[in-house]
């Protein structure tokens, strides 16, 4: 089911910190979670337990999405998942070895 | 003595057609599927079988999403799901009685 990941440079702590910092500068950011290739939150504005729960939910969605894509068009590549609700918007963006989840407050 | 059964308000069909028309006017639209409250495609630019397959995948995602939201914050309300891939972006937007799925070509 899983292809072996392509050889890519490792994502360092510095890379994670820099990604985190750049996202923080954007507007209306409520929360940021950065997870490693094993799905573990490595940096987050949420409490660890809350991060894990939140990440679990979105990683499950993402997995389902990717399995569906694999069937429909194996050559396509997943870039971003966004979920908008009345109170917020969640963005999940996979990077080479990390995945970034950002929660923005809903625009007024 | 026998009256013909009350007709369904024509609003629904008109409403679907109007929504469809308005979306078609937007840029980069590849496909539009409008599904009714039972998850059946009632108007689509895709072949019926393809629509059903596509809708099945996204309705499953949406169901999972809503069940997760119900657990995390039962008072929140799901407004839009967007999935961006290398080749396209899919938007799923629930409306009162219908759900609109739009596939846009990825911006160059």
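Once both axes come from the Cα atoms, what is the angle between helix B:11-24 and the longest principal axis of chain B, in degrees from 0 to 90, rounded to 10?
It works out to around 30 degrees.
For chain A, find the longest principal axis of its Cα atoms and tell me its angle to the long axis of helix A:48-72, 0 to 90°, nearest 10.
So the helix axis and the longest Cα principal axis differ by about 40 degrees.
Comparing A:49, A:73, A:17, which has the greatest mean-square fluctuation in the GNM of chain A with Cα pairs linked when under 10 Å apart?
Taking springs between Cα atoms under 10 Å, the residue moving most is A:73.
Once every DSSP H run of n ≥ 4 in chain A is given -39500 (n - 2.57) and the sum is divided by its residues, what mean residue ellipticity at 222 nm do you get, rounded to the nearest 500 deg cm²/dmol?
It comes out at -11500 deg cm²/dmol, rounded to the nearest 500.
Quick one: among B:41, B:74, B:94, which has the greatest mean-square fluctuation in a GNM of chain B with alpha-carbon springs under 10 angstrom?
B:74
Between residue B:48 and residue A:95, what FRET efficiency follows from the Cβ-Cβ distance if R0 is 35 Å, with the result rounded to 0.05?
After rounding to 0.05, the efficiency reads 0.40.
Hey, how many Å between the Cα centroid of region A:10-37 and the Cα centroid of region A:39-84?
Region A:10-37 and region A:39-84 have Cα centres spaced 16 Å from each other.
What residue among B:77, B:60, B:89 has the largest mean-square fluctuation in a Gaussian network model of chain B, using Cα springs under 10 Å?
Sorting by GNM fluctuation, first place goes to B:77.
Under the √(5λ) rule applied to the eigenvalues of the Cα gyration tensor, what semi-axes describe the equivalent ellipsoid of the protein assembly as shown? Give them in Å, descending.
36, 20, 16
For region A:44-108, how big is Rg over Rh, using alpha carbon atoms and the Kirkwood form of Rh?
Rounded to two decimals, Rg over Rh is 1.01.
The numbers here are math on the coordinates, done by the rules we state, and not lab data. Please read all numbers here as calculations on a predicted model, not as lab measurements. Neighbour counts run over all protein chains shown; Cβ positions are idealised from the backbone, glycine included.
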